[in-house]
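Report on the following structure.
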Amino acid sequence: IFGFVGHNGAGKTTLIRAIVGVTGFDEGDIRIAGQSVRTDALACKRVTAYVPDNPDIYEFLTGIQYLNYLSDIFEVPADVREARIRQFADRLGLTSALGDLVSSYSHGMRQKLVLIGALVHEPTLLVLDEPFVGLDPIASHKLKTLMREHCDRGGAIFFSTHVLEVAEKLCDMVAIIKGGKLVVSGTMEAVRGNDSLEEVFLELEEE
């Protein structure tokens with residue numbers, strides 16, 4: 001689990017959008033599971049799932065229609081998708097609302113729906129932009145558990161957050177960005193040292 005930390009406007013979302021192929025970039029390369037986003041975008045997208053900071057999804061679909069739509073795109077077999085959707089929806093407390101239109105969902109419910117959609121094809125890389133915004137404490141705890149389980153199965157997670165306490169407890173690796181520049185990156189232990197992540201972040205922001 002790789003945490004990406006920075007103040008508003010530092011460039012977190014811009015980089016994330018480049019990773020998932022939404023935004024182009026002029027120099028360098030981004031590689032996912034050995035494939036280049038620049039030259040093999042489709043191969044990268046097949047093994048990636050992206051949850052944006054604002055779950056802006058099709059409101060004319062029901063929750064289950066949205067999840068089946070994503071499952072069709074990623075060619076998840078019917079029996080497999082059914083089991084996975086049931087598992088994740090039960091754990092996130094969304095099962096009873098899957099037959100409702102997305103237009104009736106609260107922000108937190110939409111966030112849960114997008115998370116289920118991201119997990120349904122078992123991506124190698126899960127990219128999350130501020131995933132805890134709008135989630136209640138119980139849902140936040142369940143998401144942390146799902147994130148760790150995803151990595152224990154061999155996957156990886158790259159996520160941005162403003163909640164430094166969450167990053168400190170959850171992440172194996174962390175990077176801090178300032179003004180579009182990477183200022184520090186490494187294992188959580190190496191970056192934090194004897195201080196808290198919050199103290200390190202504040203010190204770098206004041207420089």
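Quick notes on this one:
- Of all residues in region 98-121, those that are free of Cβ contacts under 8 Å to residues at least 40 places away in the same chain and touching a strand residue (DSSP E or B) at 6+ places or on another chain (Cβ under 9 Å) total 3.
- For region 87-142, residues that are outside any helix (DSSP H, G or I), over 27 Å from residue 32 (Cα atoms), among the hydrophobic types (A, V, I, L, M, F, W, C) and under 15 Å from the mean Cα position of the chain (by Cα) total 1.
- Number of positions in region 154-203 that are surrounded by fewer than 16 Cβ atoms within 10 Å (Cβ to Cβ) and either at positive phi or assigned to a helix (DSSP H, G or I) (or both): 13
- Scanning region 57-86 for residues that are within 17 Å of residue 123 (Cα to Cα), part of a loop (DSSP other than H, G, I, E, B) and not acidic (Asp, Glu) turns up 74, 76, 77.
- Whichever residue in region 28-80 is in contact with a helix residue (DSSP H, G or I) (Cβ under 8 Å, 6 or more places away or on another chain), of a type in the set (S, T, N, Q) and over 25 Å from residue 13 (Cβ atoms) and, among such residues, is most open to solvent (accessible area, probe 1.4 Å): 68
The values are calculated or read from the model by the stated rules, or taken from the named source; none is laboratory data. These numbers come from a predicted model, not from an experiment. Note: ideal-geometry Cβ built from the backbone for every residue, glycine included; neighbour counts use all protein chains shown. Keep in mind that these areas ignore ligands, DNA and RNA; they rest on the heavy atoms of the full protein, side chains included. Shrake-Rupley method; radii C 1.70, N 1.55, O 1.52, S 1.80 Å.
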